[in-house]
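Student: Structure in C-alpha cells, see below.
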Amino acid sequence: MASEDLSKPLKTWSHLVRNKRRPTEYEIVSTNMLWSTGDQKAPWAMGPGTPMTQWYVKYRNQSPLKHADWDGFRDPDQLVYRTYNMIQDGQESFVDALLEDHSRNQHDLGLSPASLELLAHFYTPARYVIHTVQMASAYLVTMAPASTIENCFIFQSADQLRWVSRIAYRTAELKMTHPHAGFDRDERGHWENDAAWQGFRELMEKTLVAWDWAEQFVALNLVAKPAIDEALLRQFANLCRRQGDTLTALLLDAQMTDSARSRRWTTALIEYALKSGDPGNRALIERWLAEWVPLGDAAIEAFCPALGPEGASLSAAAKAEAAKFRAGLGFGQ
Amino acid sequence: MSNVAVLSRLQFDAHTRVIDVDDGFTMDQVAAACAAPAVGYQTSHPDPSKPLRVRRTTDDDTAPTLPRDLTVKAAGFTHFECIDVFVE
Amino acid sequence: MALLDRSAWYNIARSTNWTPKYVPESELFPKDQSDPYGIPTAEWETFDEPYKVSYREYVSVQREKDAGAYSVKAALMRSNYYENADPAYLSLLKMHYGAIALSEYAACQSDARMTRFSKAPSMRNMATFGMLDELRHGQIQLYFPHQLVTLDRQFDWAHEAHHTRNWATLAGRHALDDVMMTRDAMTTSLMLNFAFETGLTNVQMIGLSADAANMGDYTFSNLITSIQSDEARHAQIGTPVIEIMIRNGKKAEAQQAVDVAFWRIWRVFALLTGIPMDYWFPLEKRDRSFKEYMHEFVITQFERQLRDVGLERPWYWEHFLDDIETHHHCQQAGIWSWRNTVWWNPTGGLGPAERDWLEQKYPGWNATHGKYWDVIIDNLRNGRPEKTEAVGMPAICNMCQIPISNKGGTVWKARIYQREYEGRRYNFCTLVCRWVFDTDPVRYKDWDTIVDRMYNGQISPPTAENILRYMGSGVVSKGGRDAHDYAWVKGYDRSPQAAE
C-alpha cells in the first residue's frame, strides 16, 4: 500500500483489486460489508456493559466454529437482491398460474375427505413450522460473521415468508370450498396439540434459542430444514400426489426449489468451514449433529407415521434422505 | 515538566480546540498556545490591544480570571480542563 | 376464477404466534433482544400495518423498480456525465455513498432482529420485507458508485469508509450502532423506523433527489427516489409500536427512545444534506435552503406524525431549531478547514453572491459564520493558502463524535458541556448530546473519540501525520482538497466590497 500512487483511480474496489480480474456484480455488492467484525472484542461502539455487545462477542465472535476469514465465503449461486427478485418473480408467476389453473378446474371441490383431512392436519398448520424457519433464518441474518453468509440467510428467511403466504392463500381457498373442515380455525391447535407436530415444534423451539450462530446454523440448515423438506416437502407431497391432490404436490415441489437453493449454499459453507477453517471444525459439527440429529429424526418419526398406513416407510425414507444430505457434506449421521 | 491537554474556547472562535500545554506554562503562555492555531486561520484576535486572559469554563461564565503569571500546575489544570481564552 | 384478493388470506399469514412449550417464552423472547417493556403478547398481536404487501407483489414490484433504476444508470453511463461533472457535486456523491452504502446494509440486521424477536407476527413479516429493502439499498448504492472508482479513487470509500477509523465514519457508526444495531427489537423500531426513517430520511431523499436532478444527474436522482419509495413501506413499522406502547403505559419510554434517536441521527444527517444544499450546489441550482427543507419536510411533518401517534415534541425542540441554523454551517466551515481528514473534496463555495444568499436565508450569517470565512478569504486572496489548512485538533463530542463548534465572529457560542463520570471527563457539543449520555452512561462511557485516542496511546505519537493515517486519509486515498482550487474566491476581485 505504501508504494501505491493514491492519485490514480482503481479498476474496482481496493479490496477486490488483489483478485486481478473483473469482479462480478455479486462480488461488487456483497463482499466484506460488515463493520462489526473488525474488532473481535468490540463489535459495536457501545461499551462492554451493553447487553448486545456481550451477545455478539459471546455468540458470534467467540463461536467455537472458527475461520480466519469468513468474508471469503461465496454463495455458489452468487445471488444478489436484483437477481433474487427476478428469479422469484418468475417462480411466483408459475405458482400463480398453478393456482389459477387449479381454481378454474375446481380442484378443491374434487378433493377427497381423506385429502382434506391431510391438508387440515398437515398442510395448512405448516405455516407455523415454516414461520419458525423464517424467524430462525432472520436470527442468523443478525449473527452471520460475514456479509456473504448473511445474504444467504436473508434470502432463506424471505423464502419462508413466501411459503407462509402461499400456505395462507391455500388455507383461505380451502376454507371457501370446505367451510366446515376446520381451515383457518384449527391450525394453531394442531401445531400446539397434535402429537404429529410436537417433534417439529420441539426441534424448532430449541433451534430458535440455540444462540451460538454456528450451532443454530447447523441445527437449522443441516437438521431442521432437511427434516422439514423430507417429511413435508417430499414425503407428504408424494402422498398428496398419489391421492390426486396435484396442486398441493406441485406447490410443495415449488417450495423444494427454494430449499434446494438453500442446500447448495449450505453445502458450500460447510465445505468452506472444513477446508480452510479451524481443524477443530469437523469434530465440532459432528458433536452438534450428535445432539441435533436425534431431534430431527424424532420430528420426522412423529410426523410421517401420522400421515397414514404407509407412514412408517415414509418416515424411514425421510430420515434416510436427510442423512444422505448430511453424508454428502461429509457427516456420517 | 509534563503535558496537560486543555480544551480551549477562544473568544469569537467557532471551534473549541485541544491544546497541549506544559504544566510550567503561565496563563499568558497558555493563552498564546490557544490562540496560535486559531488567530489568522479561522478567527481574528478578539482585541489585539488587550492581553488574552484565561479562566475555567463554567455554564454561567463567572469563573474568576486567572492571574497572568499563574502556572498550569498551580492552577490545578488536569486532563481536558475546559478553559475560556478572552479579553476583559 | 381469478386469483384470490390479498385480503382473503392476509390475516392468516400473520397469524403465526404460538405458545411455546419446550422452551420458556422468556427464553424464546429475551428482553434484551425482544421487548424490555413487558407488554403482553395479546397487545402486540394488535399490531397492524397501514401499507400491506404480499411476497408475490413485492418481488414483482421490486423487480420492475430495479430494472428502471439500473437502466437509467446504464443509459447515463454512456453520457460521460460524471467525467464532466462539477467536482463539488462529485464530492457530494463520495460523501453520500461512503456514509450510506454500508449503513443501509447494516440495517438488514436491524430489521432481521424484528423478524426474529418481535412478538407481533405482523411486524415480523413486515420486517422481513424491510430486511430485503435494506439489502437492496446497500447493494444498489454500492453498484452505482463502483463505476466511479475508475474515475476517482476517493470513490473507493463507498465500500471502505466504514472499515476505517475516519472521524466522519466514527460519527456515523457511533450513531447507527446506538440507534439500530444494539437495541432490542422494539426499541430498534422506535428509533430506526419511526425517528430515523419516518422523521428524517425525507429531507435526505427528497431534497437530495431534487437537487441532483437540477444538476442533471438523473442516475442519482432516480436512484434516491426509488430508494425512498421502499422507505415509506418499512418506515411504517414504528408507528403501531408506539401506539401499542402508549396504550400499555409506556409513553415515557417511547418518547425517550424517539428523542434520543431523532437527535442522534439529526447530528449526522445535517452534515450529509445541509452542507451540500447550502454550500456545494451552484447557486442557480439550489432549490431551497437546508433550513427551508427542514421546516417543510421534517419539522412540519414530524410534528404532525408525533401528534398523530400520541407523542410530544422532543424536550429539546428549541435547541433543535437553533441547531438547524448553526450546526451544518459550523461543519461546512470545520470540514473545509480540516479537509485533509475527509475523503471528498469540499468546496468553500463562498463568493459574494453565495454570501448574499446565505445572509438572506440565515439573517446574521455574515456577522457570525461570515467572519470565519473572512479570515480564510483574506488568506486566499493574499497568497497564504497554507493558512487555510487547519492546524491542531478541535474538541470532539463524546456522543456525536463531531467537532464541538458553534457560532463565532461577533458572538461566542462555542462551548463544551462537560460531564464527569467515574473519574473521567466527557465532552459534549450541546446539552442534548450530554443528556443522551445521561440516559445510559454504561452504554456510552467506554467509547473513545479520536481526541481521546490521541491521549490514551491508541494514536501514538499523536502527530498530525499519524492522526491522518489512523483515519485512513492518505491510506485509502488522498485526503480532501478544495474542489474548485479556490476559484470561488475570484468573485471578490470583481467586487472588493463584498469581502469586507
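The values are calculated or read from the model by the stated rules, or taken from the named source; none is laboratory data. Predicted model, so just to flag it, every value in this text is computed and none were measured. Cβ sites come from the backbone with ideal geometry, for glycine too, and all protein chains shown count toward neighbours. When the accessible area is computed, the model is the full protein with side chains, heavy atoms only, and any ligands, DNA or RNA have been set aside. Shrake-Rupley method; radii C 1.70, N 1.55, O 1.52, S 1.80 Å.
Student: Under the rule of -39500 (n - 2.57) per DSSP H run of 4 or more residues, summed and divided by the residues of chain A, what mean residue ellipticity at 222 nm is obtained, to the nearest 500 deg cm²/dmol?
Tutor: The helix-only estimate for chain A comes to -19500 deg cm²/dmol at 222 nm.
Student: Using only the Cα atoms of the range C:420-500, each taken as one equal point scatterer with no solvent, compute I(q) by the Debye sum, divide by I(0), and report log10 of the ratio at q = 0.24 Å⁻¹.
Tutor: -1.09
Student: Could you tell me which of the pairs C:K291/C:K490; A:K41/A:K319; A:K11/A:K225; A:K20/C:K94 are separated by over 31 angstrom between their Cα atoms in the structure shown? Spell out each step's value before the answer.
Tutor: Numbers: C:K291/C:K490 28 Å; A:K41/A:K319 41 Å; A:K11/A:K225 41 Å; A:K20/C:K94 24 Å.
Distance filter (> 31 Å) returns A:K41/A:K319; A:K11/A:K225.
Student: Hey, what number do you get for chain B at 222 nm if only DSSP H runs of n ≥ 4 count, each worth -39500 (n - 2.57), divided across all residues, to the nearest 500? If you can, show how the numbers build up before the last one.
Tutor: Details: 2 runs with 13 residues, N = 88.
The helix contribution divided over chain B gives -3500 deg cm²/dmol.
Student: Return one number: the angle in degrees, 0 to 90 and rounded to the nearest 10, between the long axis of the Cα atoms of helix A:147-177 and the longest principal axis of the Cα atoms of chain A.
Tutor: 20 degrees
Student: Then there is this: What shape does chain B take by its C-alpha gyration tensor, where a ≥ b ≥ c are the square roots of the eigenvalues and a/c under 1.5 counts as rounded, a/b above b/c as prolate, and the rest as oblate?
Tutor: On the way: a/c = 1.44, a/b = 1.32, b/c = 1.09.
Note, shape of chain B comes out rounded.
Student: While we're looking at this one, here's another question. For helix A:311-329, what angle does its Cα long axis make with the longest principal axis of chain A, in degrees from 0 to 90 and rounded to 10?
Tutor: Taking Cα atoms only, the helix is inclined about 10 degrees.
Student: With everything on Cα atoms, drop me the angle between helix A:246-275 and the longest principal axis of chain A, reported from 0 to 90° to the nearest 10.
Tutor: Helix A:246-275 sits at roughly 30 degrees to that axis.
Student: Would you calculate, for chain C, the mean residue ellipticity at 222 nm contributed by helices, counting each DSSP H stretch of 4 or more residues as -39,500 (n - 2.57) and dividing by all residues, to the nearest 500? Could you put the intermediate results ahead of the total?
Tutor: Working: 24 runs with 255 residues, N = 500.
Roughly -15500 deg cm²/dmol at 222 nm, from the helical runs in chain C.
Student: Near C:K73, which aspartates and glutamates are there with a Cα under 12 Å away, not counting those fewer than 8 places off in the same chain?
Tutor: Cα-Cα hits under 12 Å: C:D217.
Student: Tell me, how many Å apart are the Cα centres for the range A:299-333 and for the range A:172-247?
Tutor: What the calculation gives is 14 Å, centre to centre.
Student: Ok, one more. With label points built 7 Å along Cα→Cβ from the Cα atoms of C:K52 and B:N3, find their separation and express it in nm.
Tutor: 6.5 nm
Student: Would you be so kind as to identify which of A:S313, A:G332, A:I300 lies farthest towards the positive end of the dipole of the range A:290-333, taking Lys and Arg as +1 and Asp and Glu as -1 on Cβ and the Cα centre as origin?
Tutor: A:G332
Student: Summing both sides, how much accessible area is buried between A and C? Use a 1.4 Å probe and give Å² to the nearest 100. Walk me through the numbers before you get to the answer.
Tutor: Details: alone 15760 and 21540 Å², together 29070 Å².
Roughly 8200 Å².
Student: Full extension from A:A327 to A:Q54: what is 0.36 nm times the residue separation minus their Cα-Cα distance, to one decimal in nm? Walk me through the numbers on the way to the answer.
Tutor: Working: separation 273, 0.36 × 273 = 98.28 nm, distance 3.53 nm.
Going from the current span to full extension adds 94.7 nm.
Student: When you look at the Cβ of every residue in C:378-384, what mean number of other chain Cβ atoms sits within 10 Å? Numbers along the way, then the final one.
Tutor: Values: counts 2, 3, 0, 0, 0, 0, 2.
Counting other chains' Cβ atoms within 10 Å and averaging over C:378-384 gives 1.
Student: Sort C:16-24, C:74-82 by the packing proxy (mean of other Cβ within 10 Å over each peptide's residues), most packed first.
Tutor: Values: C:16-24: 15.9, C:74-82: 12.9.
The peptides rank, most packed first, as C:16-24, C:74-82.
Student: Report, in whole Å, the centroid distance computed from the Cα atoms of the range C:425-493 and the range C:233-273.
Tutor: 27 Å
Student: Further question on the same structure: Hey, if you drop one equal point scatterer on each alpha-carbon of chain C and run the Debye formula without solvent, what base-10 log of I(q)/I(0) do you get at q = 0.05, 0.06 Å⁻¹?
Tutor: Values, matching the q order: -0.20, -0.29.
Student: Taking Cα pairs under 8 Å and at least six residues apart, what relative contact order does the range B:3-86 come out at, in percent? Please list the in-between numbers first.
Tutor: Values: 154 pairs, mean separation 35.6, N = 84.
With pairs under 8 Å counted, the relative contact order is 42 percent.
Student: Kindly identify the protein assembly as shown as rounded, prolate or oblate by the Cα gyration tensor criterion: order the square roots of the eigenvalues as a ≥ b ≥ c, call it rounded if a/c is under 1.5, otherwise compare a/b with b/c, prolate if a/b is larger, else oblate.
Tutor: On the way: a/c = 2.17, a/b = 2.01, b/c = 1.08.
Note, shape of the protein assembly as shown comes out prolate.
Student: Along the charge dipole of the range C:55-499, pointing to its positive end and built from +1/-1 on Cβ of Lys, Arg, Asp and Glu, which listed residue (C:N406, C:P461, C:Y143) has its Cα farthest out?
Tutor: Value: C:P461.
Student: How many angstrom lie between the Cα centre of the range A:48-82 and the Cα centre of the range C:323-346?
Tutor: 35 Å
Student: Taking the Cβ-Cβ separation of C:Q305 and C:E43 as r and a Förster radius of 22 Å, what is the calculated FRET efficiency to the nearest 0.05?
Tutor: Working: r = 22 Å, r/R0 = 0.98.
The computed FRET efficiency comes out at 0.50.
Student: In debye, nearest 20: dipole of the range C:55-499 around its Cα centre with unit charges on the Cβ of K, R (+) and D, E (-)? Don't jump to the answer; show the numbers that get you there.
Tutor: Working: 50 positive and 53 negative charges, 109 e Å.
For this selection, approximately 520 debye.
Student: Give me the one-decimal nm value for the distance between modelled label points at A:R22 and C:N11, 7 Å along each residue's Cα-to-Cβ direction.
Tutor: Spacing of the two 7 Å Cα→Cβ label points: 5.4 nm.
Student: Let me ask something else about it. Please label the shape of the range C:348-500 as rounded, prolate or oblate, based on the square roots a ≥ b ≥ c of the eigenvalues of the alpha-carbon gyration tensor (a/c under 1.5 means rounded; beyond that, a/b larger than b/c means prolate, else oblate). Spell out each step's value before the answer.
Tutor: Working: a/c = 2.92, a/b = 1.58, b/c = 1.85.
In terms of gyration-tensor shape, oblate.
Student: Can you return the aspartates and glutamates within cross-link range of C:K413? Criterion is Cα-Cα under 16 Å, with same-chain partners fewer than 8 residues away left out.
Tutor: Reachable aspartates and glutamates: B:D13, B:D59, B:D60, B:D61, B:D84, C:E318, C:D322, C:D323, C:E325.
Student: How high is the FRET efficiency from B:T78 to C:K21, r the C-beta distance, R0 51 Å, rounded to 0.05? Walk me through the numbers on the way to the answer.
Tutor: Details: r = 59 Å, r/R0 = 1.16.
So the FRET efficiency works out to roughly 0.30.
Student: Further, regarding this structure: Which value, in debye to the nearest 20, describes the size of the charge dipole of the range B:3-86 about its Cα centre when Lys and Arg Cβ atoms bear +1, Asp and Glu Cβ atoms bear -1, and nothing else is charged?
Tutor: With Lys and Arg at +1 and Asp and Glu at -1, about 100 debye.
Student: Now for a different question. For A:131-141, what's the mean count of beta carbons from other chains sitting within 10 Å of each residue's beta carbon? Walk me through the numbers on the way to the answer.
Tutor: Numbers: counts 9, 2, 0, 6, 10, 2, 4, 14, 6, 2, 10.
Shielding by partners across A:131-141 averages 6.
Student: Shielding by partners for C:333-343, please: the mean number of other protein chain Cβ atoms within 10 Å of each residue's Cβ. Each step should come with its number before you reach the end.
Tutor: Values: counts 3, 3, 0, 1, 4, 1, 0, 0, 0, 0, 0.
What the average comes to for C:333-343 is 1.
Student: A follow-up question, please. So for the protein assembly as shown: antiparallel DSSP bridges make up what percent, rounded to the nearest 5?
Tutor: Numbers: 22 of 29 bridges.
The antiparallel fraction comes to roughly 75 percent.
Student: Place a +1 charge on the Cβ of each Lys and Arg in the protein assembly as shown and a -1 charge on the Cβ of each Asp and Glu, then give the dipole magnitude about the Cα centre in debye, rounded to the nearest 20. Mind showing how you got there, number by number?
Tutor: Details: 98 positive and 117 negative charges, 242 e Å.
Roughly 1160 debye, rounded to the nearest 20.
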